[in-house]
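Worksheet for the structure shown next.
The values are calculated or read from the model by the stated rules, or taken from the named source; none is laboratory data. For clarity, every value in this text was computed on a predicted model and none was experimentally measured. Please note: Cβ atoms are built from the backbone with ideal geometry, for glycine as well, and neighbour counts cover all protein chains shown.
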Amino acid sequence: MNTEATARPSGRIGAVLFDLDGTLVLTHIDFAAMRSAVQKVIATAGVPAEVVEGLDTLTMAARAAEVVRARDGEDAARALIADAEEAMVEAEMLGLEGAGAAPFATEVLETLRARGVGVAIVTRNCRRATEAVLARTGLACPIVLTRDDVARYKPDPAHLLAALKRLGATPETAVMVGDHLMDIQAGRAAGTRTIGVLTPGRPDDYFAPENPDLVVTDLRSLLSFVLGGL
């Protein structure tokens, strides 16, 4: 595992893509409750549980919709997606109670922008919850792409590539920063460098399966990695 003391970028970094929840902001979203609510929607639609077994919550809803579409038609599939989305948005909005910016998030964003580094947020959260938590925390980012803004979201690299296009940047000069293995997977698939943010409660070797370019416990530690290539 690369640490903040040893890792160095190979070449200039001109853009940084940030995950939101757990990386730039700290919320209290009950993901287990969200998943349970979506599973209930899927069961009500008559989709067998084994069809979506092992999938993440967003993918679970999409897969169930495919089954319903083939069986009952487009209108029924859209109704399932709408019900699942309503359940997810409700959980996300409830999780904003007591939400705040992650330590040093404001400082890091401001420093990067002041140094001419493009920044964007790439999140699987919905647009409504994302805008609400950014307003609550006062975090400013010129480009924010939520799951509502793209056809394919993380870990699909298309989500990251859409943000890079908006920034006018290329994967070779960009880095993806996130607290989840999915963020590292998405960054690697998109061709960016990757930084894992190790949050409290996770084991030190959490990111070992994906081996990001750098693992930090403090957002400020990524500045030397990013700005060292300028």
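Data overview
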item: Subset of region 149-203 (residues that are basic (Lys, Arg) and in a strand (DSSP E or B)); result: Arg193
item: Members of region 43-61 found to be among the β-branched types (Val, Ile, Thr) and more than 20 Å from Asn125 (Cα to Cα), listed by number; result: Thr44, Val47, Val51, Val52
item: Among the candidates Ala158, Ala102, residue that is touching a residue at least 40 places away in the same chain (Cβ under 8 Å), within 28 Å of Thr59 (Cβ to Cβ) and of a type in the set (A, V, I, L, M, F, W, C); result: Ala102
item: Scan of region 117-144 for residues that are among the charged types (D, E, K, R) and in a loop (DSSP other than H, G, I, E, B), ordered by number; result: Arg124
item: Residue satisfying all of: in region 135-150; aliphatic (A, V, I, L, M), surrounded by fewer than 20 Cβ atoms within 10 Å (Cβ to Cβ) and modelled with pLDDT of 95 or more; nearest to Pro103 (Cα to Cα) among these; result: Ala135
item: Sole residue being touching a residue at least 60 places away in the same chain (Cβ under 8 Å) and within 24 Å of Asn211 (Cα to Cα), chosen from Thr130, Thr173, Thr137; result: Thr173
item: Filter result for the condition that a residue is on the phi < 0 side of the Ramachandran plot, without any contact (Cβ under 8 Å) to a residue 12 or more places away in the chain and either surrounded by 13 or more Cβ atoms within 10 Å (Cβ to Cβ) or part of a helix (DSSP H, G or I) (or both), over Glu85, Glu50, Glu92; result: Glu50
item: Selected residue (only one of Thr192, Thr173 is surrounded by 15 or more Cβ atoms within 10 Å (Cβ to Cβ), in contact with a Gly (Cβ under 7 Å, 6 or more places away or on another chain), more than 17 Å from Gly22 (Cβ to Cβ) and among the polar types (S, T, N, Q)); result: Thr173
item: Filter result for Leu17 (in a strand (DSSP E or B), under 25 Å from Arg188 (Cβ atoms) and either modelled with pLDDT of 95 or more or outside the structural domain of Ala114 (by TED's automatic domain parsing) (or both)); result: yes
item: Given (1) within 19 Å of Arg12 (Cβ to Cβ); (2) crowded, with 16+ Cβ neighbours inside 10 Å, index of the condition Val122 fails; result: (1)
